[in-house]
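Following: one structure in structure tokens, then a few remarks.
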Amino acid sequence: MLRKLILAAAGLAGIAMTTLPAAAATDIQCPASQMRKEIVSPLPSGWWQTPLIANLSGTEVMQIGGEPALVCKYGAAGTVQRKAPVGQICQARPNGFRCQGLIVTPLPAGPVTHSTGPIDLPQTYLADLDSGEVTQFGADIWYRAVNASQKYIQPRNGARISISGPSNRGKAGCSTAHYTDVPAALVEIPVGTYVCVKTSEGRISEFRVNGFSGTTMKIGYTTWK
């Protein structure tokens, strides 16, 4: 006897599910232990038929028309079937089926973005990672140029930074990063480097050095609420 677990998935898209069935279960029995098969078309006078009677020979959960169905088999007499209950898994049993609902757990909500986007940051200017603005006042990071060879990213106004390297740490990783207010020399953050920032307004942010156009640093950033 074939035994399959079929999930009636209608209405469950986007929901995380455990593989453990809930305690409550429903037993669905096949409609009869025997089935009678006979011709229903009218026969000419003098003709008759002998109905075929067959015992229940097996059960199976299978896809019919793209939906899970419960199928009871009666040998040469054919099959009868019905749709599986929505939102349950059904298992074939000797005389029917056992269907159980699933314990469902909503997907955890992801971090909420406060602001995000690219920033073209000229040297000597500052970037506000709370608003995404380039400014000469306030802000969170200062692209400081002492001379042509001494350049830094310096946190400002109480903001702090943590160099991550080539790995994108996201909000979760940046939330546990070790921060400092010590400026980072540009040689420490080459193209492709991610930097976590705790902004002057207390938000968690992360930016990536995407490249340079002349003396302008091109970064992409995301700041979370």
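The values are calculated or read from the model by the stated rules, or taken from the named source; none is laboratory data. These figures come from a predicted structure and were not determined experimentally. Glycine gets a Cβ as well: all are built from the backbone with ideal geometry, and neighbour counts include every protein chain shown.
Considering the stretch 72-89, the residues that are more than 14 Å from residue 34 (Cα to Cα) and touching a strand residue (DSSP E or B) at 6+ places or on another chain (Cβ under 8 Å) include one that is surrounded by the most Cβ atoms within 10 Å (Cβ to Cβ), namely 84.
Based on this model, can you work out whether residue 177 counts as assigned to a loop (DSSP other than H, G, I, E, B) and either free of Cβ contacts under 8 Å to residues at least 12 places away in the same chain or buried (at least 18 other Cβ atoms within 10 Å of the Cβ) (or both)? So residue 177 passes the test. One residue is enough: does the stretch 90-106 have a residue meeting the conditions over 30 Å from residue 32 (Cβ atoms) and outside any strand (DSSP E or B)? Yes: one or more hits.
Within the stretch 202-218, the set of residues being in contact (Cβ under 8 Å) with a residue 24 or more places away in the chain and over 16 Å from residue 142 (Cα atoms) comprises 203, 204, 210, 213.
Filter the stretch 196-212 for residues that are assigned to a strand (DSSP E or B) and charged (D, E, K, R); which is farthest from residue 164 (Cα to Cα)?
Among those residues, the one meeting the criterion is 198.
Looking across the stretch 65-116, just one residue is among the basic types (Lys, Arg) and over 30 Å from residue 51 (Cβ atoms), and that is 98.
When 116, 124 are checked against the criterion of being of a type in the set (Val, Ile, Thr) and either in contact (Cβ under 8 Å) with a residue 40 or more places away in the chain or part of a strand (DSSP E or B) (or both), 116 stands alone in meeting it. Among the residues of the stretch 135-144, those identified as modelled with pLDDT of 95 or more and either of a type in the set (Phe, Trp, Tyr) or surrounded by fewer than 16 Cβ atoms within 10 Å (Cβ to Cβ) (or both) are 142, 143. Only one of the listed residues (172, 184, 148, 177) is over 21 Å from residue 130 (Cβ atoms), assigned by TED's automatic domain parsing to the domain that holds residue 126 and of a type in the set (A, V, I, L, M, F, W, C). That residue is 148. When restricted to residues that are aromatic (Phe, Trp, Tyr) and in the same structural domain as residue 155 (by TED's automatic domain parsing), the stretch 83-131 contains 1.
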